[in-house]
Structures are given as C-alpha cells and as structure tokens.
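What follows is a short report on a single structure.
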Amino acid sequence: MNHNSEVYKQRYRKLILTATIPVIGIYFVFMIFPLLQSLYYSLFNWSGFSKEMEFIAANNYLNLAKDGIFLRTLFNSIKYVFVGGIVIIGITLLFTYVISNFKSRKLRDIVQMILFVPNTISPVALALLWNFVLNTRWGLLNETLKTLGLGFLAKGWMGQDYIFYAALSLLVWINVGYFIVMYLAAVDRIPMSLYESAEIDGATSWNKFTKITVPLIKDVIETSMVLWSIFSFKIFGYLFVFGAGGAGSDPALEIRNIAVQIYLTGFGKRTPINKLGYASAMAILLLFFVALLVYLIRKLVFTEVVEY
Amino acid sequence: MFKKISVLVIVVLVGLLTLSNMVYAEEGELVYWSMWEKGEPQQKVLEEAFNDFSEEFDVEVDLNWVGRDNLTTLKTRTLSEQNVDLVDKKAEEIYGALVANDMVKDLSNVLEMKVPNEDNTVGEVLIEESYNAYQKEDGTVHMLPYNFITSAFWYDKALFRDLSIEVPETWDEFLVMTEKMKENDLEPVAFGLQTGVYVGYFPYLTSVRILGEGALNRAAGDPSGKLFEDPAWERVGEVLYSFSKEGDNLLMENYESSVYPGPQMDWVMGIAGTFYCGSWIPIETKSAAGPDFEYGSFQFPTFEGGKGDPTAVESYPIGMSILKNSDNVELAEKFIAFFSQEKYAEKWVEVTKNMSPRKGVEPAPELQDAYQSLMKAEKTFRLYDGVQADYPTWYSNVFLPISRDVLSGNINGKEFAEQMRIQTIKHWKQN
Amino acid sequence: MKFKLSEIPKYLINIFLAFWILFTIFMFGWIIMSSFKTTREIYLGVWTLPSTFELTNYINVLTEFGLLKSMVNSLIVVSTSTLLVLVLSTPIAYVLSKLKFKLSNFITFSFVIGIGIPIQTIFIPLYLLMNNLKLTDSLIGLIWVYTVTSIPFTVYLLINFFNTIPSSLEEAARIDGATAFQSFIKIMLPLARSGLISAGIFVFVMLWKEFILALVFIGTESKQPISLGLYSLITKLTYTGDWGGLFAGVVLVIIPSVIFYSILARKFIAGLTMGIGKS
C-alpha cells in the first residue's frame, strides 16, 4: 500500500473518521469511562450501598500486596493460564494432527461439532453437571471407573488436592472444542502442494505435521494463547458455581481466580463482605496482569504471517 | 456520507431514549425486593399476602422476585436512588450487609404495632427467641422474621428404632451413638469439607457450648488475639480434631471431597447416620428419601463444664427489613405487621414446610423436634455466633480455613487454638 | 539441550479423541436420562434406567416457571445486539486492518485489552450511567449493554479476518479511481459477507450464554433472558431438592442451543476461522 501519497490520505480520511470515531466514542463512554471510575473507587473504602466513601488512597493496593487470599487467587489465575494453556493447546494440537488427517470431510465436521457443543451451553448448567460427574461416591466418573474395574483410580476429585484439576478439566473440555475449530481452519489454508513435495521426500505424517503444519499455523497458535490468557483471568460463571459453590457457599479457595474473588469481595455470595473499593483495586490489578501477559506473549512468541 | 452516518447515530440514540421502558415505582407504591424466585413456595405465600394487603389498604405494590442475589442488585438500586422499601434475607446477611452500612431502620416500634384484624401486637404474637439474638441491648432490632430456621443433627427415626440407638444429649452420649453406628456399618456424620456452610457449623457450635454464646464473636473481634489464649479453645480444637479421620473418625467416608448436595444425599439414602444442617433439610431431601424415612432431629451435644446454656438453640431467622431512605416507611411497617397475621403464618408452615416465628403455629411433623427445642430454649445464639455478619472477612479468611484444617486432621486441637490466635492477630493488622 | 520428540503414534491420539467424543455424548445422554428420573433414582445409580419415562419433571418445569417467555426475550435481545455489534465493529475493523494510520496499533491494542475488562469491574458505574439514561430494567438497555461489551472482541476477530483478505483487490479498485467508501462497500463487504455472518453467529451464541449483565440490568421477571431464567431455575430447584426437575430444565434450555448450533454448524465453524480460513 502506498502510504505516501497525499491523495490517498485524503480519500481515506473520511472513511477512517466515520468508521472509528463513533465506535471509539461508544467504547470510551460505556467501557473505558466506567473502568476509570472503577479506578477512582479503588482509592476508597466503600460498601457500594450508599454514596458514602472513605478516601484511603493507595491503601487498598498496599493491603492487596499482603492479602494471602488475594495472592492465592492470583497464583491460581496464573496456574490456569499456564497449566491450562499448555494442556489445552497441547491437546488441541494433537487433535488437529489426527483430525486433519481424516479422509472423510464429513467425519471431520461432525467431530468438530461435537467438540464445540459445550461452548454453546450455559456455564452455570455445565458447572453443576460436572459436579455430578465428579461426586466421589455417586459421580459418573468414579462409578464408571469402578464398573470397568479401575476402582483404584477413583479419587476424591472435589477435595483440596484435586479440585483445581477438576475445575481445570471442565475448562479444558470446553476450550479444546473452541480452539480446535480455529486450528483446523488454519490448516485448511495450507496448500496441498507443500505436503505433496514432503511426501515425495519420504516424510511421515508426524513429520509433515511438525515440520510443515505447525510452523504455518503459528499465528493462530499465538492468537489462541492471547485469547486463552485473557479468558482464563476472566472466567467467572464456571468457577462461581463449581463444587460447593453451587449452593450457598463460596467456591473453594483452590479454584478461585481473581475474577471470582472480585465478585466475592465486592458483593459476596452469602458472606456479606461488600468491600467494593477493595474489589475495584483487584480489578485494576487484574487488567494490569492481563495487559502484561498479552504484551509478553506477543513479544516472546515469534510470529510471521506467511503469505502465499 | 459522514453526515448521513451522524444523522443515523442521532436517530438511534433518540430512539433508544424514547422507546426505553423504564420501570420506576410510582408514588405510594410499596416496593419489595425479594430474595425468593418466582415459583418457589415461599414466593407464593408472600405474593398472596401482598395482594391481600394491596386490596385491603388500597395501595399499589411492586413485587420484585429477584432471587438470592437480591442484596447485590440492591446496590444498583440504592445508589441510583430508586426507591426500595422492603428487602428480606437471612438475618446474618441483613446485619452484615445492610445494618453494618446503616441502610435499614430499627423496627422495634413495629413490635408495638397491633396486628391488623387481630387483637394483639406484633411483639405479642412473635416468639421472642426467633429474633432476640439479633436484638441489641438498647432493644433495637433491624429485621423482623417471617420464617424461622434453626440447625440440628438430623436423623431417621425409623433407623434409630431399628438399631436401638438412643438420641444423645451430651458429647459422651454422642460418642456412644457414633460407636453404635459404626458397628452397624453406618458412617456416623455426613459432612462436606469443601462446602463452607457446613464447615462453619461444628467449630462455632462447639465454642458456643464450651465457652458460651458470643465467645467466638468476641474472640474474633479482638485484635490482640488474647481471647484465644483461653485454654478452653484447645478443648474446642480437640473436639473438632476427634471428628476428623485422624481423630475418632466420626465423619463420613468421603467427607474431604464431598460437595453439596453430596453429604445430604448420602445421609438421606441411608449411608450416613446423621447430618448437621438447617431445618430446611427435610423439604430439600424429601424427594430423595425412602418411603419409611422419618425425620427427627436433636441439638448439638453439650459438654461437661461447658459455659453455654444447654438449652440454647441457633437462631437463623429470615425476615424483612425496611430501608432507611424508603419513601413508604409507614406502609412498609404496616405490611410487616400485616404479614404477622395467623392466617399467613399457618399458610407459611403449610406451603413452605418451614417453621413460623409466630406463637402457636405447629410446624410439619418433620420439624417437630426442632420446634420443641426452640420452645424449650432459654437462650438463642446467632448463626455462626454472628461472626459472618460482624467480621465477614475474618469469617472467610481466618475461621473457615483453620476450621477446614482441623476437621481434615491436618492440625490438632492445640494447633487449632494457636492458629486462631496467630491468624486473628495477623488479620487485624492488615484490616 | 536437545529434546527429540519421538513420534506420537496416531492411533493413541485417535483413541483419546474417541474417548473424548464418547464422553461428551455420554454426558448429554446421561443428562437426558436423568431428566426423566426422580431425585431418588438419580442417586441410586448412574446407570439405572428411569423406572418410568414420565414427563412430570418436564411438565412441572414448563408450567411453573416461565421459560418460554425468557426464550423469546433472549431471541429479541441477542439478535438485535448481534446485528448492532456487526454494524459498529465492521468498519472500524476494516480500517484498523487495512489502513495503517498513526494510531492504529494503539487503538487495536486497546481493543484487545478491552476484551479483558471483567464485567464485575464496570457494571456498577455502567449501571449508574445507564440509569441516568433511563435504560435500566429494559430490554433495549440490555441490548445496548450487550452490544457495547461485545465490541472489543468482535473488532479483534474481524481485524484478524480482514487481515487475510488480500489487499490486491482493493488496490486494484483504488487505481481505478474508487473512493474509500466505494471500495469498502462494493468490494470489501461482499467478500466479507460470509465472515460477517459467521462472526454474527459466534457473537450470538456468546450473548445467549451471558448472564451476569442480565442479572444486574434486568429486574422484572418478565424481561428475563433465558440465561437468567436457567440460573433462577437452578436456584429454585436446588432449594427444593428437585434434581430431576433441574435436569429437565437444563435439557429444555440446552436443546434449542444445540439444535440451533447443529443447523448452523458450517457457518459457525467458518465464523471462528475468520482470518484463518479461505476467504
């Protein structure tokens, strides 16, 4: 594109202005401005019920730095990003490998669809159902293991030791289906000719995958990393209702991420904490971590959009 | 083109403004922000009462069946100065959220009001024990109940008869009961360690029995942690430790990984012998109970030398509060008095199968035992000894984690007392 | 250090994949089966068949609780929001993708970060703002809030999509003397049409599931969207311990979503592949 010509700039000026200004205006008024207000509230001690607020400057932030519970939820959030990310992207890549090798396009579409279905369903319903699946005594998982004679593998999935992985398994089940669709479509755009010439050289399907496919879908992999990082910090519905959280109890500390903790602190589930200023400070920090993470991912993952 | 788009944007915005159908309560309209969802039995009784009220006194009522998150969305209403008159929730939450932030008014004057269509005042028809735990020393009370819940150990009477198990009153008798259950392949106490509601019970109840009502509350609020130095706390810890698998193993097999509704299901299906829970449990498990299941309950056992009143029961009222800034304070007060009528209390018991705080209204047979213990009670204490309302962060960040630790057997009785002391000091330093 | 990743045999992964698919199908089969059981039967055993395939659970759920109205509400709100989001997001995504002007990188980045803004953070200030506009507890207000909060994500998705449409076609048009608008409307949009339809379907499903904004902005029960209806249903039924009824309710809500998705699956898949698939 010729960026230098004045004529070009003139022509596009109108389009740029019309396209961007209203939307940026809306975005600013309805999202950025409330966010700034939230930043303002984070400097106060505030219950959220009345306009009475007590100015305490950066105290909320200082307390957060010392708050064991908050730090634990931050640690959990990071665990979800990295452990979850590795598992999800790993499984998605493996599935991409086999599904892209299916001979029947129809089979591929059906499998894709089944994998995706959990994404269409309400998080609250799914978390509750997962609860039933993982119940130690009655759950689908343990009952099945026992029926298959694998009873020794049946564990207390919702207990302190495993519940994080229990929650993670739900998230993995849902998100692999989400990202697989992106990955498969990316594979679609790779010209067959590249594979054909590799075959002539005697490459196995695994080689073809690792040496041709993966490098060429790197941009999609990066996009999925960015999206997962943002999503995992923000996940709320699934974790809020997971496990004991279903009824009138707070979700177990082991599975809480920052988004859940923000809600519990600012509004409370049944324990009336109502520290909205403190919760706002948490939210600002959450955004900061998300921005940092996104920045690091874009910097560290080497991407080059390859054109054909 | 730019002009065209700007015009479009303006038209859309204007359209939005004119077409919006804002629901603002009108003058003299009584606004109720309910914790119940449409379709729940409680909602039906309340709706009927409000409609009757509306007819009898010729007032408009605006009923909002918000659900259990009503206190969350209440904030948006109060901040934007939309009128809300009546709100309800369990007393612990009302006190923790609304009373603590000075949002609701004192209702002691309502106690003096006459109940419409009857001869007595509200104070005369309500069982005092249903709300006096929440009454301050100066007599002010910020919520008046229409539902009364207490907690207890629930059991199947038929099962106890079959196995000739006696209902225990003291801790020693309780241990005898658990032994007998174990002999008969029953897991004594259903429990879920990952469910906060249950975890809080045994620690607070043990402290109430051994150290007296209000002791936990005082100790929680003491930044010096000195109140936890009382050796009785070690005893509390030891009792809790004995529940755990490292102690006397009184809890059901998978208690560490059991989450709602696991424990109550295991109990009602006959795997566990007892279950400690609030008096909502019969109705919640009725559909899963076998045909021969007979609901019965007994109170948390007493301890030798314990300072707590042996007849004391937990007070878990659910009731209404009136917002201070309400436009219709008098109407709201009138409704509270109106709802205290006998006919509504009877309907409440019949439809919701919960207990009514009104004198002389017999509850469902499943709740008879619980009701009797309320009648006998000379004292009542707040749910969680009031720490959930008064010190919610402490409850959540100190009390529950340490309770979980001792109930899982990770720490023993002595460590329990130590941890409570240390963590309380730490907590107050940061808050 | 050199790691040699030895070849992972396809059949192992295929077995794993088959297990995954079977599990998913089982899950849904089990939910459907349980919806016909009584509460006691659900706990008696996972694999037992319901004694009678009674429809009591379904009848109860449908008559007692207003799920039908909430489905209609969702349909109105979510469709309108989706359309609005597309109208607002497409031009700006095009501009940010194709025309590199001074602030374009910064603006793109701020939209990406916008995806990360948690709703709990902004819903109180947003509520107060919408309240001043007299748009709370109204379907139109909810439409607006849904639209606005979906913009960052949609813009990001569409930027990725536009990135793959070759610039050559536009350049050719420009050389021929077309104005910016003409180039956008006559050439870009038709090419992007399938991508836009797909993005729309994608946003639709996301908003269909959304519940926290609905919880905050809708007070009147008759205006509840389905996600809120389901949430209320779950709350109601857990408090009465009617697990069979709960499953029936869940099935009733899941089925439209799944059917809707199956029919539109192709377009759907294409939507997620924006920026990645063939244009």
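The values are calculated or read from the model by the stated rules, or taken from the named source; none is laboratory data. Treat the numbers as computed from the prediction; the structure is a model and nothing was measured. Because the Cβ atoms are built from the backbone with ideal geometry, glycine has one as well, and the counts that use them run over all protein chains shown.
Residues that are at pLDDT below 90 and at the interface with chain C (Cβ under 7 Å from one of its Cβ atoms) were ranked within the stretch A:19-37; the one that is nearest to A:MET282 (Cα to Cα) is A:THR20. Of the helices (runs of 4 or more DSSP H) contained entirely in the stretch C:58-161, those carrying at least 2 residues that are under 30 Å from C:PRO190 (Cβ atoms) fall at C:67-98, C:104-115.
Residues are listed down the side, and each one gets a yes or a no for (1) surrounded by fewer than 21 Cβ atoms within 10 Å (Cβ to Cβ); (2) on the phi > 0 side of the Ramachandran plot; (3) among the basic types (Lys, Arg); (4) outside any helix (DSSP H, G or I):
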site	(1), (2), (3), (4)
A:ALA19	no, no, no, no
A:GLY25	yes, no, no, no
A:PHE75	yes, no, no, no
A:ILE86	yes, no, no, no
A:PHE102	yes, no, no, yes
A:LEU107	yes, no, no, no
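Checking each residue in the stretch C:246-258 for being of a type outside the set (Phe, Trp, Tyr) and either facing another protein chain (nearest Cβ under 9 Å) or in contact with a Pro (Cβ under 7 Å, 6 or more places away or on another chain) (or both) picks out C:LEU246, C:GLY249, C:VAL250, C:VAL253, C:ILE254, C:SER257, C:VAL258.
Close contacts from the stretch C:90-106, counting a first residue that is free of Cβ contacts under 8 Å to residues at least 40 places away in the same chain and within 7 Å of chain A (Cβ to nearest Cβ) and a second that is of a type outside the set (Lys, Arg) and crowded, with 23+ Cβ neighbours inside 10 Å, with Cβ to Cβ under 6 Å and a gap of 6+ residues or different chains, come to C:VAL95/A:ALA19.
In the condition set (1) in contact (Cβ under 8 Å) with a residue 24 or more places away in the chain; (2) assigned to a helix (DSSP H, G or I), B:GLU253 is compliant with all but (2).
Residues in the stretch A:241-264 that are in a helix (DSSP H, G or I) and in contact with a Leu (Cβ under 8 Å, 6 or more places away or on another chain): how many? Qualifying residue count, the stretch A:241-264: 8.
The residue that is nearest to the other protein chains (Cβ to nearest Cβ), counting only those in the stretch B:60-85 that are in a helix (DSSP H, G or I), over 24 Å from the mean Cα position of the chain (by Cα) and without any contact (Cβ under 8 Å) to a residue 40 or more places away in the chain, is B:THR76. Take the residues of the stretch B:271-298 that are small (Gly, Ala, Ser) and farther than 22 Å from B:TYR201 by Cα: which is surrounded by the fewest Cβ atoms within 10 Å (Cβ to Cβ)? The extreme case among them is B:GLY290.
When the helices (runs of 4 or more DSSP H) confined to the stretch C:171-250 are screened for residues that are surrounded by fewer than 21 Cβ atoms within 10 Å (Cβ to Cβ) and modelled with pLDDT under 80, those reaching at least 3 such residues are found at C:189-209, C:226-240. Here B:ASN325 clears all of (1) surrounded by fewer than 20 Cβ atoms within 10 Å (Cβ to Cβ); (2) more than 14 Å from chain A (Cβ to nearest Cβ); (3) of a type outside the set (Gly, Ala, Ser) except the condition numbered (2). Exactly one residue among A:ILE212, A:ILE221 is without any contact (Cβ under 8 Å) to a residue 60 or more places away in the chain, in a helix (DSSP H, G or I) and not small (Gly, Ala, Ser), and that residue is A:ILE212.
Taking the criterion of being basic (Lys, Arg) and either in a helix (DSSP H, G or I) or within 10 Å of chain A (Cβ to nearest Cβ) (or both), the only residue of the stretch B:381-409 that qualifies is B:ARG404. Taking the stretch B:299-343, which residues are small (Gly, Ala, Ser) and closer than 14 Å to B:THR206 by Cα? Passing the criteria: B:GLY305, B:GLY306, B:GLY308, B:ALA312.
Being more than 26 Å from B:ALA377 (Cα to Cα) and assigned by TED's automatic domain parsing to the domain that holds B:ALA337 is not true of B:ASN109.
Of note, A:VAL87 does not satisfy the criterion of being at the interface with another protein chain (Cβ under 9 Å from one of its Cβ atoms), touching a helix residue (DSSP H, G or I) at 6+ places or on another chain (Cβ under 7 Å) and within 23 Å of C:ALA18 (Cβ to Cβ). Can you confirm whether the stretch B:420-429 contains a residue that is at positive phi and not small (Gly, Ala, Ser)? No: the stretch B:420-429 contains no residue that is at positive phi and not small (Gly, Ala, Ser).
Could you grab me the full set of residues in the stretch A:157-209 that are within 14 Å of chain B (Cβ to nearest Cβ) and more than 26 Å from the chain's Cα centre (by Cα)? The answer is none; no residue qualifies.
Residue check: A:MET53 meets all listed conditions (1) within 30 Å of C:ASN105 (Cβ to Cβ); (2) more than 8 Å from chain C (Cβ to nearest Cβ) but one, namely (1).
Of A:ALA185, A:ALA167, all but one fail to be in contact with an Asp or Glu (Cβ under 9 Å, 6 or more places away or on another chain), in a helix (DSSP H, G or I) and crowded, with 21+ Cβ neighbours inside 10 Å; the exception is A:ALA167. Checked against the criterion of being among the hydrophobic types (A, V, I, L, M, F, W, C), assigned to a helix (DSSP H, G or I) and modelled with pLDDT under 90, the candidates A:PHE82, A:PHE95, A:PHE70, A:PHE132 yield just one match: A:PHE132. Of B:VAL59, B:VAL31, B:VAL9, all but one fail to be modelled with pLDDT under 90 and either among the β-branched types (Val, Ile, Thr) or on the phi > 0 side of the Ramachandran plot (or both); the exception is B:VAL9. For residues that are more than 24 Å from the chain's Cα centre (by Cα) and within 14 Å of chain B (Cβ to nearest Cβ), scanning just the stretch A:109-140, find the one that is surrounded by the most Cβ atoms within 10 Å (Cβ to Cβ). So the residue we want is A:ASN135. Only one entry of A:TYR41, A:TYR97, A:TYR61 meets the criterion of being more than 14 Å from chain C (Cβ to nearest Cβ), among the hydroxyl-bearing types (Ser, Thr, Tyr) and touching a helix residue (DSSP H, G or I) at 6+ places or on another chain (Cβ under 6 Å), and that entry is A:TYR61.
Determine if the stretch A:198-205 includes at least one residue that is in a helix (DSSP H, G or I), touching a residue at least 40 places away in the same chain (Cβ under 8 Å), among the small types (Gly, Ala, Ser) and on the phi < 0 side of the Ramachandran plot. Checked the stretch A:198-205: at least one residue is in a helix (DSSP H, G or I), touching a residue at least 40 places away in the same chain (Cβ under 8 Å), among the small types (Gly, Ala, Ser) and on the phi < 0 side of the Ramachandran plot. Tell me, please, whether a residue that is among the charged types (D, E, K, R) and in contact (Cβ under 8 Å) with a residue 12 or more places away in the chain can be found in the stretch B:144-158. Yes; the residues of the stretch B:144-158 include at least one that is among the charged types (D, E, K, R) and in contact (Cβ under 8 Å) with a residue 12 or more places away in the chain. Just one of the listed residues (B:ASN109, B:ASN117) is surrounded by fewer than 22 Cβ atoms within 10 Å (Cβ to Cβ) and farther than 22 Å from B:VAL45 by Cα, namely B:ASN109.
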